[in-house]
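Undergrad: Below is one structure. I have some questions about it.
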Amino acid sequence: MLSAVIITYNEEKNIERCLESLQTVADEIVVIDSLSTDKTKQICQSFNVQFIEQKFLGYIEQKNFAIAQTKYDFILSLDADEALSNTLKESILQQKQNGFEYNAYSMNRCTNFCGKWIKHGTWYPDKKIRLINKQKGKWGGVNPHDKLEMQSGSSVQHLKGDLLHYSYYALEEVITQNNKFTTIQAQAMLQQGKKASWVKLFINPLVAFINGYIFKLGFLDGADGFFIASSVAYQTMVKYAKLMKLQQQKYK
């Protein structure tokens, strides 16, 4: 048996696609909603899901709360703007039929950027663990970049097929998201005692751009690949700039 979990906040343009992709795979779908003000709740209630409203606790905390609401040991965690490809559905169903012989399963995530699937750079294959035995792992990482972390010695199998990520519909959304996430990242880094420096502020963005655009072949995605590599570099720079400002305020 398999539980699927999703956290939502104002996801009316994405959630139906996500839920439809889970219909033949999950035996239970749990949606944890952060008090949406759009039609997310109505859309979810048109499906056979357990819909729970919970004030946002933080990305990691909200997703661990979601896991705690599930009935079955094996859970598949998706974001509302993600969906299973047909090949990935078949892979999961095969593992389900075999009784889930591994503690965790990873999969490649393919991102749709303004209508185009990105197949290179830092955005692909973007390997993620998303299907786990909840007795063996939980969400960790640094907000907002959460990840499922497994206990030492856990067995992991990689699945065929892509997790389809419908991330950005317009360039403006990238800028808005970068501003939001860099603020969260800087605050989390400050709490962890990490330090910003002028070296990190200048060198790390350059390294991020070269890595994504050259070494990970982002240039093969054309103009979109250049924009994405530049965006990753910009996000890196802003993250450290905000951390530097927080450090200055803290030690005044």
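Undergrad: Is at least one residue of the range 67-78 surrounded by fewer than 17 Cβ atoms within 10 Å (Cβ to Cβ) and among the small types (Gly, Ala, Ser)?
TA: yes
Undergrad: Is there any pair with a first residue in the range 1-16 that is more than 20 Å from residue 67 (Cα to Cα) and a second that is buried (at least 21 other Cβ atoms within 10 Å of the Cβ) and of a type in the set (S, T, N, Q) whose Cβ atoms are under 7 Å apart and which are 6 or more apart or on different chains, and what are they?
TA: Close Cβ pairs satisfying both conditions: 10/40; 12/40.
Undergrad: For the range 1-43, enumerate the residues that are crowded, with 19+ Cβ neighbours inside 10 Å, in a helix (DSSP H, G or I) and within 20 Å of the chain's Cα centre (by Cα).
TA: 15, 18, 19, 21, 22, 40
Undergrad: Something else: Looking at the range 166-173, is at least one residue in a strand (DSSP E or B) and either modelled with pLDDT of 90 or more or more than 28 Å from residue 115 (Cβ to Cβ) (or both)?
TA: Yes, the range 166-173 contains a residue that is in a strand (DSSP E or B) and either modelled with pLDDT of 90 or more or more than 28 Å from residue 115 (Cβ to Cβ) (or both).
Undergrad: Take residue 201 and decide whether it is in a helix (DSSP H, G or I) and of a type in the set (A, V, I, L, M).
TA: yes
Undergrad: A further question follows. Select the strands (runs of 3 or more DSSP E) contained entirely in the range 66-118, then report the ones holding at least 3 residues which are closer than 22 Å to residue 9 by Cα.
TA: The qualifying strands (runs of 3 or more DSSP E) are 74-79, 82-84, 104-113.
Undergrad: Still on this structure: How many of the residues making up the range 157-210 are of a type in the set (A, V, I, L, M) and touching a Pro at 6+ places or on another chain (Cβ under 6 Å)?
TA: 1
The values are calculated or read from the model by the stated rules, or taken from the named source; none is laboratory data. Here the structure is a predicted model, which is why all the values come from computation and not from measurement. When we count neighbours, we look across all protein chains shown, and the Cβ atoms used for this are built from the backbone with ideal geometry, even at glycine.
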